[in-house]
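Comments concern the structure below.
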There are 4 protein chains.
Amino acid sequence: MCRFAAYLGPEIQLDHFLLEPGHSLVEQSWQPREMQTAILNADGFGVGWYNGDHPASYRNVMPIWADPNLEPLSRSFSRSLWIAHVRSATPGFGTGLANTQPFMDDELIFVHNGFVTDFPYNVRQQARRWFTPAIEASIHGNVDSEYLFAILRQLLAEDGERDLADAIRLLHGLLLEWGAQHALLSLALSDGRRVVALRHALGAECPSLYFTTDDESFPEAQLLASEPLTDTGLWQAVPPHHLLILDPDEPPQLTAL
Amino acid sequence: MCRFAAYLGPEIQLDHFLLEPGHSLVEQSWQPREMQTAILNADGFGVGWYNGDHPASYRNVMPIWADPNLEPLSRSFSRSLWIAHVRSATPGFGTGLANTQPFMDDELIFVHNGFVTDFPYNVRQQARRWFTPAIEASIHGNVDSEYLFAILRQLLAEDGERDLADAIRLLHGLLLEWGAQHALLSLALSDGRRVVALRHALGAECPSLYFTTDDESFPEAQLLASEPLTDTGLWQAVPPHHLLILDPDEPPQLTAL
Amino acid sequence: MCRFAAYLGPEIQLDHFLLEPGHSLVEQSWQPREMQTAILNADGFGVGWYNGDHPASYRNVMPIWADPNLEPLSRSFSRSLWIAHVRSATPGFGTGLANTQPFMDDELIFVHNGFVTDFPYNVRQQARRWFTPAIEASIHGNVDSEYLFAILRQLLAEDGERDLADAIRLLHGLLLEWGAQHALLSLALSDGRRVVALRHALGAECPSLYFTTDDESFPEAQLLASEPLTDTGLWQAVPPHHLLILDPDEPPQLTAL
Amino acid sequence: MCRFAAYLGPEIQLDHFLLEPGHSLVEQSWQPREMQTAILNADGFGVGWYNGDHPASYRNVMPIWADPNLEPLSRSFSRSLWIAHVRSATPGFGTGLANTQPFMDDELIFVHNGFVTDFPYNVRQQARRWFTPAIEASIHGNVDSEYLFAILRQLLAEDGERDLADAIRLLHGLLLEWGAQHALLSLALSDGRRVVALRHALGAECPSLYFTTDDESFPEAQLLASEPLTDTGLWQAVPPHHLLILDPDEPPQLTAL
């Protein structure tokens, strides 16, 4: 279990998104409110953004509150899209940079809150046989989240007509086919323009996921987060088993899986 | 605020003391029960022991639960004296190895749970002027705890008749003289043979401190800890404003300050 | 490229093996003499030993000279078998604990100096398809060295008659079969009783590897190392394409691959 | 001994200054050419800049080449002033964030290459007695470089007429007064507008220091560095015992101490 959040809107400094909100990811790391398992998200953190078309990230294995670089960095540049993650390591997948989110390739940024039970014994093996050499060669760690991202990338690569939402819709079918019986799948994927999120689970209750377009702290912006970043009451739950699409030119769009 | 514990008795492996107890310092790091301030002790940890007459320590700025080296190390050697500490960084004294306990010199090991309010503006300046060059030169960080240890060392160095308990008894008088009005002073000091602990505070409620000689998990041993390591009900509170002396040849001795 | 060393003999403290020799692995980390590529081994280090039958290790992503815990730890316990490694990260395989050696499972400890060129595109994919689920599930990082160890483990698991040397003899055949055309393969494998080492390469010059039984700093011991730990002139080169077997009850045994 | 560099000119991305030059600080960390002592600068690194009037920094205790965050960060924002440092820890002053440069307060950024011999026994003690409470309270570590910065800040604070160059001119007099007999003093200090550097030593040869205004890689910029960042031959040595003032509206100004 982890917590994540994303921002899409007018350019803002990172500190405004990541550090200042009343129930920021920093607070969610040491005092989360809606965790199904675990009570902390202190096993590393990361934040992703785009430099032009190129994803970039800053990640650290320390708890988010303990990194003295984060505050000065977060006051140093602004972006119109931010994606951040605080990690609670699933037992068996140790603390380490290779397992710290967000994950990215040359175009996409990905975060995941949840896990696939027995992942090394079902999905990971099957997925490895299914991956193309290029996708397989790009995997750095062993954690389920990185593999979910690799599956999505291959789904996108093998059919140029697919968009982010299409790929996400196909994900759980593959997991089922590969033997996953229990999985928590709250996730978000971005191509630098849109952020597409999923609130879903297999054989379990869905992890929490919220969004807002009305938070006065973030004018004209669309945000999503595992837990509302503020206590304004203006955040809505994404319904279970739904996709949420944030697009700078459209209102948020919810569709059932 | 922090949590610490010490063991004095027959030789045992570190894991038996540090990792296995039901309410071990690992659990006290993410789920302490009696903290006055803060809710975690995740800003580094350390453990000290003796190699012959020489103090040694292992310290890490990560949360104690996140260190993959700790489990194999803790199964690798046994000692008759262990002192361990999990840290909750006081605001203003950042995470970093120089501020991570236990502290030691060539003879002594020291741990502290608490803080001296406004320490940089009262005690630290006065203490620096009072220190001998050798003591001053031995200070590596800026945290109040390291200075308390330096004060105790100078008290011991300047009068060869003083023992550990004498030095600890003199500590709070110096703090008052140097302007400290509010301080939490739960601490322990060892010379490799005895462990002398203090439960004290200035202008505040004393931090918790317990001891036991009857815990069946630790036969024939004497232990002290910020919170009982087990739920056996066989741990007793050290009375406020009292010294506790653990000596391998004597029963625990409690004396009022 | 990396540097490694192993000790088999009467029990000694780790510092005597790891820190004290004139051309210790610490010196080999910042001033190696026989590296084919790279000029430092400063991308992490580790040391392995046995607690009874169980392998244990201490690993850190910092340069070996920068770890303040290493000196006190290395004076704290003695063993009759030590295996240590200082890493020079191959480009593409980042610094991180999952890629830091030695590697181990429940019985074996393994170190590797070298690399398999184009590994993610040839050997890794083929090996993943060949691995049993249990072996595959045990892999934590993505570096070639960890996979070489996994291949050796599967070779041992699939035929109970095989010993360490048999498995090592089969390794390069599999690499060739899976398309490796260029590889440096200086490695050592231990089961807690013996240490079996290989000095080999495919399509390249073999990395350096030495051994000694006569070094007066280590009475009655057998050692091997990428570079001699001392300048006594009593270290011999392992001939290229040879296996070296160190057994506590036998003199060192060299056999051609 | 360490290496540092500073850039003053049109806004550029950090990677252009820090990572791309042929003999960048990254190369100077593992292959410096003009070090008097030590052969590496691998004990941490840092870079400083200004957010408006406020200094900011990014620092890490790892070798500069091993930080996976540096490349994406360095492509994420541009500034007209950069100051960077790679550290070679002086024995006795351990690796740790508190000892990692650049140092800063609310207005100034400072880097130092060199050391004051016997610093804990002469300058540090005298300086502590001389510091105002506010300056003393702001010191986090124990390394000579941080104290040099504190001395400069107090020299500036106690006389509002003094500018950066005046303070630097007074520094070595204080060091002599406090008993320093041997010191290497290559340093740079900025207020966000100008960079003032010193190439000096007491009882020793001056550490190297260069500057340029003609390097084609950095049009219209002024740079200084411990070793030229490029092999263009367009860098000049700062003469020993000289101050160098870089001002955006003036040509570089050299004056004897």
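Please give the number of the condition C:H140 fails out of (1) away from chain A (no Cβ under 14 Å); (2) of a type outside the set (S, T, N, Q); (3) open to solvent by 40 Å² or more (accessible area, probe 1.4 Å); (4) touching a residue at least 40 places away in the same chain (Cβ under 8 Å).
Result: C:H140 fails condition (1) only.
Answer yes or no: is there a residue in region D:67-88 that is of a type in the set (G, A, S) and closer than 18 Å to D:L187 by Cα. Even if it seems obvious, please write down each step before you answer.
Within region D:67-88, the first condition is being of a type in the set (G, A, S), and the residues that meet it are D:74, D:76, D:78, D:80, D:84, D:88.
Still in the running and closer than 18 Å to D:L187 by Cα: D:84, D:88.
Scanning region D:67-88 turns up at least one residue that is of a type in the set (G, A, S) and closer than 18 Å to D:L187 by Cα.
Condition first: modelled with pLDDT of 95 or more and open to solvent by 10 Å² or more (accessible area, probe 1.4 Å). Can you find one or more residues in region B:185-192 that meet it? Working first, answer last.
Of the residues in region B:185-192, the ones modelled with pLDDT of 95 or more are B:185-192.
So of that shortlist, the ones also open to solvent by 10 Å² or more (accessible area, probe 1.4 Å) come out as B:191-192.
The answer is yes; a qualifying residue exists.
Only residues that are buried (at least 23 other Cβ atoms within 10 Å of the Cβ) and among the charged types (D, E, K, R): list them for region B:1-23, please.
B:R3
Looking at B:W82, is it within 20 Å of C:E71 (Cβ to Cβ) and either free of Cβ contacts under 8 Å to residues at least 12 places away in the same chain or of a type in the set (F, W, Y) (or both)?
yes
On the given criteria, is D:A221 within 22 Å of D:S88 (Cα to Cα) and aliphatic (A, V, I, L, M)?
Working: within 22 Å of D:S88 (Cα to Cα): no; aliphatic (A, V, I, L, M): yes.
No; evaluated as a whole, the condition is false for this residue.
Is it true that A:F77 is within 14 Å of chain D (Cβ to nearest Cβ) and within 21 Å of A:A201 (Cβ to Cβ)? I'd like the intermediate steps shown before the answer.
Numbers: within 14 Å of chain D (Cβ to nearest Cβ): yes; within 21 Å of A:A201 (Cβ to Cβ): no.
Against the criterion (within 14 Å of chain D (Cβ to nearest Cβ) and within 21 Å of A:A201 (Cβ to Cβ)), A:F77 does not qualify.
Please go through region C:80-128 and pick out each residue that is assigned to a loop (DSSP other than H, G, I, E, B), more than 14 Å from chain A (Cβ to nearest Cβ) and either under 26 Å from C:G52 (Cβ atoms) or over 16 Å from the mean Cα position of the chain (by Cα) (or both). Before you say what the answer is, go through the steps one by one.
Residues of region C:80-128 assigned to a loop (DSSP other than H, G, I, E, B): C:88-96, C:100-102, C:105-108, C:117-118, C:122.
Cutting the leftovers down to more than 14 Å from chain A (Cβ to nearest Cβ) gives us C:88, C:101-102, C:105-108.
C:Q101, C:P102, C:D105, C:D106, C:E107, C:L108 - these are the residues of region C:80-128 that are assigned to a loop (DSSP other than H, G, I, E, B), more than 14 Å from chain A (Cβ to nearest Cβ) and either under 26 Å from C:G52 (Cβ atoms) or over 16 Å from the mean Cα position of the chain (by Cα) (or both).
Condition check ((1) touching a Cys at 6+ places or on another chain (Cβ under 7 Å); (2) under 24 Å from C:W30 (Cα atoms)) across all residues:
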residue: C:H85; (1), (2): yes, yes
residue: C:A98; (1), (2): no, yes
residue: C:V123; (1), (2): no, no
residue: C:P133; (1), (2): no, no
residue: C:R153; (1), (2): no, no
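So, of the residues in region B:40-59 that are at pLDDT below 95 and either closer than 16 Å to B:L223 by Cβ or of a type outside the set (G, A, S) (or both), which turns out to be farthest from the chain's Cα centre (by Cα)?
Result: B:L40.
Determine the pairs where a residue that is at pLDDT below 95, located within region B:95-111, has a partner that is of a type in the set (A, V, I, L, M) and open to solvent by less than 10 Å² (accessible area, probe 1.4 Å) with Cβ atoms under 6 Å apart, the partner being 6 or more residues away or on another chain.
These pairs meet every condition: B:N99/B:V143.
Any idea how many residues of region B:185-208 are of a type in the set (V, I, T) and farther than 19 Å from B:L246 by Cα?
In the first step, residues of region B:185-208 are kept if they are of a type in the set (V, I, T); the result is B:195-196.
Cutting the leftovers down to farther than 19 Å from B:L246 by Cα gives us none.
Here the count works out to 0.
Could you list all residues from region D:86-114 that are within 21 Å of D:G192 (Cβ to Cβ), in contact with a Ser or Thr (Cβ under 6 Å, 6 or more places away or on another chain) and among the β-branched types (V, I, T)?
Within region D:86-114, just D:I109 meets the criteria.
Since D:V61 meets every condition but one in (1) open to solvent by 30 Å² or more (accessible area, probe 1.4 Å); (2) closer than 16 Å to D:S145 by Cβ; (3) in contact (Cβ under 8 Å) with a residue 40 or more places away in the chain, which condition does it not meet?
(3)
Going by the structure shown, is D:E71 open to solvent by 30 Å² or more (accessible area, probe 1.4 Å), within 14 Å of chain A (Cβ to nearest Cβ), in contact with a strand residue (DSSP E or B) (Cβ under 7 Å, 6 or more places away or on another chain) and more than 29 Å from D:A204 (Cα to Cα)?
Values: open to solvent by 30 Å² or more (accessible area, probe 1.4 Å): yes; within 14 Å of chain A (Cβ to nearest Cβ): yes; in contact with a strand residue (DSSP E or B) (Cβ under 7 Å, 6 or more places away or on another chain): no; more than 29 Å from D:A204 (Cα to Cα): yes.
For D:E71, the condition - open to solvent by 30 Å² or more (accessible area, probe 1.4 Å), within 14 Å of chain A (Cβ to nearest Cβ), in contact with a strand residue (DSSP E or B) (Cβ under 7 Å, 6 or more places away or on another chain) and more than 29 Å from D:A204 (Cα to Cα) - is not met.
Residues that are within 14 Å of chain A (Cβ to nearest Cβ), crowded, with 24+ Cβ neighbours inside 10 Å and not hydrophobic (A, V, I, L, M, F, W, C): does region D:143-151 have at least one? Full working, then the answer.
Looking only at region D:143-151, we keep the residues that are within 14 Å of chain A (Cβ to nearest Cβ), and these are none.
There is no residue in region D:143-151 that is within 14 Å of chain A (Cβ to nearest Cβ), crowded, with 24+ Cβ neighbours inside 10 Å and not hydrophobic (A, V, I, L, M, F, W, C).
If I filter region A:31-56 down to residues being surrounded by fewer than 22 Cβ atoms within 10 Å (Cβ to Cβ) and assigned to a strand (DSSP E or B), which single residue comes out as farthest from the other protein chains (Cβ to nearest Cβ)?
From region A:31-56, those surrounded by fewer than 22 Cβ atoms within 10 Å (Cβ to Cβ) are A:31, A:33-39, A:50-54, A:56; that's our starting set.
Keeping just the survivors that are assigned to a strand (DSSP E or B) gives A:50-51, A:54, A:56.
Details: A:Y50: 9, A:N51: 5, A:H54: 8, A:A56: 4 Å.
My answer is A:Y50.
Just for strands (runs of 3 or more DSSP E) wholly inside region D:194-257: which have at least 1 residues that are open to solvent by 10 Å² or more (accessible area, probe 1.4 Å) and touching a Ser or Thr at 6+ places or on another chain (Cβ under 7 Å)? Give the steps one after another, and end with the answer.
Details: elements: D:195-202, D:210-212, D:222-225, D:242-247, D:250-256.
Here the list reads D:195-202, D:222-225, D:242-247, D:250-256.
Within region D:57-68, take every residue that is part of a loop (DSSP other than H, G, I, E, B) and not hydrophobic (A, V, I, L, M, F, W, C) and give me the one that is farthest from the other protein chains (Cβ to nearest Cβ). Steps first, answer last, please.
Of region D:57-68, the ones part of a loop (DSSP other than H, G, I, E, B) are D:61-63, D:67-68.
Within this subset, residues satisfying the condition of being not hydrophobic (A, V, I, L, M, F, W, C) are D:63, D:67-68.
Numbers: D:P63: 6, D:D67: 8, D:P68: 6 Å.
Filtering first and then ranking leaves D:D67.
When you scan region C:172-181, do you find a residue that is touching a helix residue (DSSP H, G or I) at 6+ places or on another chain (Cβ under 6 Å) and in a loop (DSSP other than H, G, I, E, B), even just one?
So far as region C:172-181 goes, yes, one or more of its residues are touching a helix residue (DSSP H, G or I) at 6+ places or on another chain (Cβ under 6 Å) and in a loop (DSSP other than H, G, I, E, B).
Filter region C:179-205 for residues that are over 17 Å from C:V238 (Cα atoms) and either small (G, A, S) or touching a Gly at 6+ places or on another chain (Cβ under 6 Å) (or both) and give the result.
Within region C:179-205, C:G179, C:A180, C:Q181, C:H182, C:A183, C:S190, C:G192, C:G203 meet the criteria.
Provide a single number: the residues in region A:152-170 that are surrounded by fewer than 21 Cβ atoms within 10 Å (Cβ to Cβ) and under 15 Å from the mean Cα position of the chain (by Cα).
Of the residues in region A:152-170, 1 are surrounded by fewer than 21 Cβ atoms within 10 Å (Cβ to Cβ) and under 15 Å from the mean Cα position of the chain (by Cα).
So C:T37 ticks every box in (1) of a type in the set (V, I, T); (2) in contact with a Leu (Cβ under 9 Å, 6 or more places away or on another chain); (3) modelled with pLDDT of 95 or more but one. Which box is left unticked?
The failed condition is (3).
The values are calculated or read from the model by the stated rules, or taken from the named source; none is laboratory data. Owing to the predicted nature of the structure, the values given are computational and were not obtained by experimental measurement. Here Cβ is always computed from backbone atoms with ideal geometry, including for glycine, and neighbour counts include all displayed protein chains. Remember, those area values only see protein heavy atoms, side chains included, never the ligands or the DNA or RNA. Shrake-Rupley method; radii C 1.70, N 1.55, O 1.52, S 1.80 Å.
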